């Protein structure tokens with residue numbers, strides 16, 4: 001595993017990293033435009049098994065009223081991908097993986113549905 005991919009440390013609960021903060025600004029624009037109704041950073045904690053939980057980066061209520069879970073990643077690791085897939089099988093929400101698109105690739109966000 002490439003050591004350069006590991007963060008230097010976890011931020012405190014409720015504190016966004018730079019990518020999450022940029023995505024929160026994107027969600028704020030969508031909310032202002034009426035494309036989503038509500039958003040909350042780390043607003044849900046889902047139980048996957050005994051002593052195993054998944055907290056999506058953002059809980060979002062879409063314009064149609066359906067709840068969504070958005071997971072923002074710079075790089076996807078296997079354990080994070082496994083957790084979101086398990087959660088998507090267990091809970092009646094829409095789950096999306098969000099990855100920042102490089103400026104060279106046009107910028108914006110890549111969205112993967114689970």
Length-normalised contact order of the stretch 17-113, Cα under 8 Å, at least 6 apart, in percent, tallies to 20 percent
Add -39500 (n - 2.57) for each DSSP H run of 4 or more in the chain, then divide by its residues: what number comes out at 222 nm, to the nearest 500 deg cm²/dmol? -8000 deg cm²/dmol
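Assuming 0.36 nm per residue, please report the length gained on full extension of the stretch residue 45 to residue 104 beyond their Cα-Cα distance. Write down the numbers at each step before the final one.
Working: separation 59, 0.36 × 59 = 21.24 nm, distance 3.51 nm.
Stretched out fully, the residue 45 to residue 104 stretch lengthens by 17.7 nm.
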Estimated distance in nm for a label pair at residue 52 and residue 94, the labels positioned 7 Å out from Cα along Cα-to-Cβ: 2.7 nm
So, in nm, how far is label residue 114 from label residue 63 when the simple model puts each one 7 Å beyond its Cα toward the Cβ? 2.6 nm
Matching label for the computed Rg and Dmax of the Cα atoms in Å, out of (1) 22.8, 74; (2) 15.5, 51; (3) 14.3, 43, is (3)
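Read-outs throughout are calculated quantities, based only on the coordinates presented, and are distinct from any laboratory measurement. If you're wondering where the values come from, they're calculated on a predicted model, not measured in any experiment. Cβ atoms come from the backbone with ideal geometry, glycine included; neighbour counts cover every protein chain shown.
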